[in-house]
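In what follows, a structure is listed as structure tokens, so that the remarks can point back to it.
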Amino acid sequence: MQPLSLLPLVVQNLSYKVNEKLLLDNINATVNSTGVSVVLGANGAGKSLFVRLLHGLLPSEQQTIKWNDQVLDLVIRKRQALVFQKPILLKRSVSANIEFVLSKSILKPRTSDLIQQRDAVLHEAGLFDQRNQPARLLSGGEQQRLALARALATKPEVLLLDEPTASLDAATTFQIETRLELARDKGVKIFLVTHDIAQARRLADDVMFMHGGRLIEHSVSNEFFNHPSSEPAKAYLEGRLLF
């Protein structure tokens, strides 16, 4: 039996403090839609912290985050994948990084099946020729492509990404965005953190705009970009500085 979808995501009264400093302030949101939800905002808005909480990397109050009416737990987390801005790779070869996640996700995998799937993943990522290289010696763009390929190899229902193309060149950014579009078209729900307005315009189905640790707006992409309803969102889209 296939598991029920993790949607809708419902966030209720989510706040987060560190040493009594309030970093997220009473966030409420419901995400029913498939596709790409872009979490947009300036640096320091709370975007990265928000997606880490959605994935359960940081502790949150019970009942504040629910996926399809289920409290976030280890079972839910295993149905998700998270890609960081700075890739976290195993101290192994490129191939071994993919083999590791495939061996965890395939029930009693045969060696031949594992190798076949591994090679298919590496071909899709454009990294087959680098398969025997140490993963941590790849270029920054190649490392990020490997991190994304490894995440997608687990066949997640929800993919969360924290600024995956920051500081990457245009060609690598295009490759990563293309992979995200393909994943979206296959039914993967994506939450993409970015401060890049142009990228948000290219990819977003809906936009969650954050400012000062608060979720200021959440609307479909066209509505947000053409008719932002809050002054911080208007200022951000116009390129004005936010404080």
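The values are calculated or read from the model by the stated rules, or taken from the named source; none is laboratory data. Because the structure is predicted, anything quoted here is derived from the model rather than measured. Cβ atoms come from the backbone with ideal geometry, glycine included; neighbour counts cover every protein chain shown.
Only residues in the range 63-78 that are crowded, with 18+ Cβ neighbours inside 10 Å count as the first member; pair them with residues that are assigned to a loop (DSSP other than H, G, I, E, B), Cβ under 6 angstrom, at least 6 apart or cross-chain, and list the lot.
ILE65/LEU72; TRP67/LEU6; LEU72/GLY56
Take the conditions buried (at least 21 other Cβ atoms within 10 Å of the Cβ), at pLDDT 95 or above, in contact with a Pro (Cβ under 9 Å, 6 or more places away or on another chain) and assigned by TED's automatic domain parsing to the domain that holds LEU53 and apply them to LEU146. Does it pass?
Here the answer is no, as LEU146 does not meet what is asked.
Report the residue count in the range 11-70 for those that are charged (D, E, K, R) and within 23 Å of PRO156 (Cα to Cα).
Count: 4.
For the range 174-212, what are the residues that are among the small types (Gly, Ala, Ser) and either in contact with a strand residue (DSSP E or B) (Cβ under 9 Å, 6 or more places away or on another chain) or within 20 Å of GLN85 (Cβ to Cβ) (or both)? Show your work before the answer.
Here is the first cut: in the range 174-212, the ones among the small types (Gly, Ala, Ser) are 183, 187, 198, 200, 204, 212.
Scanning the range 174-212 gives ALA183, ALA198, ALA200, ALA204, GLY212.
Check whether at least one residue in the range 97-118 is of a type in the set (A, V, I, L, M, F, W, C), closer than 18 Å to VAL75 by Cα and part of a loop (DSSP other than H, G, I, E, B), and report yes or no.
There is at least one residue in the range 97-118 that is of a type in the set (A, V, I, L, M, F, W, C), closer than 18 Å to VAL75 by Cα and part of a loop (DSSP other than H, G, I, E, B).
With the requirement that a residue be assigned to a helix (DSSP H, G or I) and farther than 26 Å from LEU6 by Cα, what does the range 145-187 give you? Full working, then the answer.
Kept after step one, since they are assigned to a helix (DSSP H, G or I), are these residues of the range 145-187: 145-153, 170-185.
Within the range 145-187, ALA170, ALA171, THR172, THR173, PHE174, GLN175 meet the criteria.
Can you name the residue in the range 106-122 that is at pLDDT below 85 and of a type in the set (Val, Ile, Thr) and is also nearest to the chain's Cα centre (by Cα) among such residues?
ILE106
Got a sec? Which of ARG202, ARG184 is over 22 Å from PHE100 (Cα atoms), in contact with an Asp or Glu (Cβ under 9 Å, 6 or more places away or on another chain) and touching a residue at least 60 places away in the same chain (Cβ under 8 Å)?
ARG184
With respect to LEU161, determine if the residue is touching a residue at least 60 places away in the same chain (Cβ under 8 Å) and within 28 Å of ASN28 (Cβ to Cβ).
The answer is yes for LEU161.
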